[in-house]
Amino acid sequence: PQPILLRDYVVPAFLLDRVDLTFELDETSTRVSSRLVLHRNPDHPVSDADLVLDGHELMLESVLLDGEPMSTDRYDVDDESLTIKGLGESAILEITTRIEPQKNTSLMGLYKSNGNFFTQCEAEGFRKITYYLDRPDVMTRFTTTIIADRSKYPVLLSNGNRVGEGQYDRNRHWVKWVDPFKKPSYLFALVAGKLSCLQDSFTTRSGRKVALEIYVEPQDLEKCHHAMESVKRSMKWDEDVYGLEYDLDSYMIVAVSDFNMGAMENKGLNIFNTKYVLARPETATDADYMGVEAVIAHEYFHNWTGNRVTCRDWFQLSLKEGLTVFRDQEFTADMTSRAVKRIDDVRTLRTAQFAEDASPMAHPVRPDSYIEINNFYTVTIYEKGAEVVRMYHTLLGAEGYRKGIDLYFKRHDGQAVTCDDFAAAMGDANGFDFTQFKRWYSQAGTPVVKVVSQFDAANQTYTLDISQTCPPTPGQPEKLPFHIPIALGLLDAAGAEIPLQLAGEASLQGTTRVLQLTEASQRFVFTGISAQPTPSLLRGFSAPVKLDYPWTRQELAFLMAHDSDSFCRWEASHTLIREVLLELIAAARASETLSLPGELVDAMRRALLDEAADPALIALMFTLPAETYLADQVDEIHPDAIRTAREYLRVALAKALRSEFKHTYARFCGATQAYRYAAVDIAKRALKNVCLGYLTSLDEPAFIELAQTQFQQANNMTDSQAALAALVELPQGATALADFANRWQDDPLVMNKWFTLQAMDKRADALDRVRALQQHPAFQITNPNKVYALLATFCSSNLAGFHRADGAGYAFAAEQILVLDKLNPQVASRLARSFNRWKKLEPTRRAQAKTALEKLAAHADLSRDVFEIISKNLA
Ligand code: BAL
Ligand code: ZN
């Protein structure tokens, strides 16, 4: 397959005035009739270009031009397109196709799940429904009529407003929908089936009443209340913070259990993975509740950032995704704890996105090329893209950022635009030059910012020499300097903030400053500094970079105790633990005796006993970095040494702080008896369960009993899952797992947790367990959630389990990728990414991984999705 290049972009040859669709849904074959009213695009460089409509896996029945059947010599059909030659300035085309949704396992286009019909069109799924100009810069108004059996499919939904319904022969009924807003095909949606509906309403700030409807399978109706509250909170927040109001009469959400992504923002009819809708305390953890709230917000926010203003082409994907993730992150920060949310997001970025930036799949926030666009729904486009938007906010301040956003909507409402248009709106609204800043869109890789400090007592100055570099990434050997905002503060010996003044400034200007690093290296001199300060660098993680500063352990412990920036307090603990772990990994590799540094124990003890601190922050300080994150910190990956070091630290901390963990567990164990989804309770549960994890690692009967009691008595899934996780690798784990499965066998989302816990098993036979679990009745290879829970978790997150020295993990992954590729290429491609670290493995494993990749590459019929991942890994 050939790559598609950004530089080859050409405007569409034709534009659409409107499209009318009719679906006759049926068990064996669905007929789709479309009526396209189109005209030539005067901006296209070729005045008599053919009309090339995208279409894939369609059975063409008929084509009518201006009401007359077209002779077959006027058009060509192949597996990718329908090409119509010799059209005039305008035309009305009526195209009828047949499709077989019941056989569609790719979950793109129209497909069936548990007997109901659903669609997924982003990015290029609409071409599996009918022949169309399936590209985001073709926007038009849609009318959709759905005809189906009344008994089997009582609910018939599409985008926009319902304008009519009625009866047909043979127990069939129809519903007609009109979407008044122009949209690209990727935002089209259709749902038909037996679904129950939770109804509510929201009155917008201008006084319009919007009907809110959440559709789920009947047994799930009681699990939708949190989702509904989340919708209302999102609508209110977007009015308050962005001044944006909802624009249709109804807002519908439908939950489906077979879905490739988390959710999809189709206009007025969002389709969600059940994981991000269903929640009740007994079945959903605090993290699940937060996930529902965040994804509901994310999809709702897309109504403006994505739908009203969309992307010109798929290279601009981060225009809508980075911006919408930033919006949902800020929403969650306002709804829960800002500090905790920021730390969570930075952990995700560092663990997943920094890894991607260092991998063969590294790509810029705006890629230059792709083979399969579905491979670019990545942490770089989403999470790094959100960091880019956050940097506009940091550089411009909240007010300036809002001015930029307002101008963006004023200029581009109803258009398909680019990341340059966004930067221009931000710049023009504020008189700020973002020319250099835009390198964040074009250059891949994680910059390294090195800071060297010098205190000059005689002149009372504190100098920071800050330099930046960025490692090479595929196709980009050299990088130009980025425009990096670096927020920082200085602490005096007592831990108080020092008011800051840079050389050349007339007055003191606050205690947190945002420096702008634009050169390869720059000097910043603070004046009036009377004693050696401790720097607090990259406050709030003001840029997605790696910081290189020679901290002493004393400085880190000091920052942990005193920094006024919560993120930096946590960051200090994280840096301290990372340094210790890297030493332990080196010692484990050299088969030396491992030992725990006293400074770490003292600093962690102080943190644990600080009753004034937010328990959620303490819980995060005690959450050890993932094995995969540690793998990205070393030059050569020795998975067993990483595991040995990390497990040693866990148990050593548990031994050293045994009584403190016990005390803290007792302090919080009864504190959240009746479940509430509230930040204060979430924080207490988090710290209590962190303590339980450490205590059970001591393998003492009393603590195992504690976990068993919690497991049996828990009235919520957060506590239940934490207790099960603590027990799972112990002899008592088998009974707990059996009890859990017995209780939850009919709840697919809960069973996903059961699979995930076992996929993370650190015992040597983890692979055998995963293989055995594939035979469990609750596992289905056609369901993406199940594959992610069991197979992707094992291959991507169980570092030592997957990267076994004998290569069995690689052979297993390759076998599963081939099976999945025939069913669902997107899911197969996700699994293929498990190989992304292979070049950094120690030589034996590296050779094994390479063999597995080469065997995969030898298959001639790989999907574009998998081909792209494998070929880039081998390049
Ligand atoms: N647009 C794909 C799903 C999402 O990012 O909301
Ligand atoms: Zn999105």
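Readers should treat all values here as calculations from the given coordinates under stated rules, not as data from a laboratory. Since we're looking at a predicted model, the values are computed, not measured. Don't worry about glycine lacking a Cβ; one is built from the backbone with ideal geometry, like all the others, and counts go over all protein chains shown.
Between the stretch 706-740 and the stretch 420-442, what's the alpha-carbon centroid distance in Å? The distance from the Cα centre of the stretch 706-740 to that of the stretch 420-442 comes to 51 Å.
For the stretch 62-167, GluC sites (Glu not before Pro) meeting the loop criterion (DSSP other than H, G, I, E, B) and having at most 13 other Cβ atoms within 10 Å: GLU80, GLU89. Over the stretch 334-479, the alpha carbon radius of gyration divided by the compact-protein estimate 2.2 N^0.38 Å works out to 1.23. When the charge dipole of the chain is built from unit charges on Cβ atoms (+1 for Lys and Arg, -1 for Asp and Glu) and taken about the Cα centre, the candidate among SER453, TYR132, THR552 whose Cα reaches farthest toward its positive end is THR552.
Once you compute Rg and the Kirkwood Rh from C-alpha atoms, what is the Rg to Rh ratio for the stretch 563-695? Display every interim value, and only then the final one.
Numbers: Rg = 15.6 Å, Rh = 15.6 Å.
We get a ratio of 1.00 for the stretch 563-695.
Across the stretch 4-194, the mean sequence separation of Cα contacts (distance under 8 Å, 6 or more residues apart), normalised by length, yields a relative contact order of 23 percent.
As a ratio to 2.2 N^0.38 Å, the alpha-carbon radius of gyration computed for the stretch 1-146 takes the value 1.05.
Dividing the Cα radius of gyration of the chain by its Kirkwood radius returns 0.97 for Rg/Rh. Evaluated on the stretch 170-328, the Kirkwood hydrodynamic radius is 16.2 Å, with distances taken between all distinct Cα atoms.
Relative contact order for the stretch 745-875: what is it in percent, counting Cα pairs under 8 Å that are at least 6 residues apart? Could the numbers behind the result be given before it?
Numbers: 149 pairs, mean separation 26.9, N = 131.
That works out to 21 percent.
For the chain, averaging the sequence separation of C-alpha pairs within contact (under 8 Å, six or more residues apart) and dividing by the residue count gives a relative contact order of 8 percent. Taking 26 Å as the limit for the C-alpha separation, the pairs LYS384/LYS840; LYS320/LYS850; LYS450/LYS840 exceed it in the case of LYS320/LYS850. Calculated on the alpha-carbon coordinates, the convex hull of the stretch 745-875 measures out at 89 cubic angstrom per residue. Each stretch of four or more DSSP H residues adds -39500 (n - 2.57); spread over every residue of the chain, this sum gives -12000 deg cm²/dmol at 222 nm.
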